[in-house]
Amino acid sequence: MSSGQRLKDPTRPSRARSRRAAGRRGGSDGSGLGGRSSGSGGSRLTPKRLIIMGLTVACVTGGTVFLVRTAMENANAPRTPLTPQDMLAADPYAANPENDALKAAAVQALRKQRQKELRSEHTDGGLDPVKIAPKAPGGGGFEPADFPPGSTPNPGSNKALGKEMAAARGWAGGEWGCLERLWDRESHWNERAMNRYSGAYGIPQALPGSKMASAGSDWQTSAATQIKWGLGYIAGRYKTPCGAWSHSQRVGWY
C-alpha cells in the first residue's frame, strides 16, 4: 500500500449511500424535502372541487324545495269536481240535457201550432217543423256560409247514400227501415233542413248543427258528412236506428 492511499473503514457507509437512504426515508414518510405523500395529495380540496360540491348541493337543495312546495300547493289548492256537462263536452254524441230540453220545447211548439192550424182549418206549411235554410248556419267557430251557387239538395241521392253507409255498419233490413222513417220525418233527407222551432240542422238534425264538425269541416253543406255524424250519434246514444226511432215515437224527438 502506498503512502498516498487511505484505508477505507468497511463499517462506515459512503456519502452516496447515505444520501440515497435519506431520500428513500423522506419519500416514504413524507418528511423529506423532495418527498410527497400520495395519500394527502389525493384528498386535497382544490377550488374547482369546492365549486362543484357547492353547485351539487345547491341543485339538490333547490330541487327538494321545489318538490315540497309544489306538493304543498297542490294539497292546499281548492278542488272543483267535474260536472256532468264537463264530462259530456268531450263526447260529440253524448246526451246533453240542455239540448234535449230544446228538442222537447220544439215538439211542444209544433203541437201548439198544429192545434192552432186545425182550429182555424188551415193546413199550410206551418204543420211541418222543417224549413229549408237560406244559408248554412254557423257556430262552433264556423261562420254562416252561403251554399254553392247553382247547387240544389237531392234527398233521393242522400237517402241512397245513407242506406249504403248504414249497411256498412250492419244496419240493413229492419234497421234501415227505422232510419229511413226517422230521417224522413226529421229532415226529409235534405242537408239544408232546419227545424223552425229548435234550430236543429242537417239530415240528422244535429243541435246545434256545429256538432257535426266532429265528422268533417264541411258539415254545413255535405250530406255525406252529416250522415256520417248522424249514424255515429245513433250508435252512441241509442245503439241502433230502431232504438232511436222508438224513442222518437215515444217523446217526439231523438
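Inspect all residues belonging to the range 121-132 and state whether any of them is under 34 Å from the mean Cα position of the chain (by Cα) and outside any strand (DSSP E or B).
No, that holds for no residue.
Are any of the residues in the range 71-84 modelled with pLDDT under 90, outside any helix (DSSP H, G or I) and small (Gly, Ala, Ser)? If you could, list the steps in order and put the result at the bottom.
Going through the range 71-84, the residues modelled with pLDDT under 90 turn out to be 71-84.
Add one more test, that the residue is outside any helix (DSSP H, G or I), and what stays is 77-83.
With small (Gly, Ala, Ser) added as a condition, the list becomes 77.
Looking for residues that are modelled with pLDDT under 90, outside any helix (DSSP H, G or I) and small (Gly, Ala, Ser), one finds at least one in the range 71-84, hence yes.
The values are calculated or read from the model by the stated rules, or taken from the named source; none is laboratory data. Small disclaimer: the values here were computed from a predicted structure and weren't measured.
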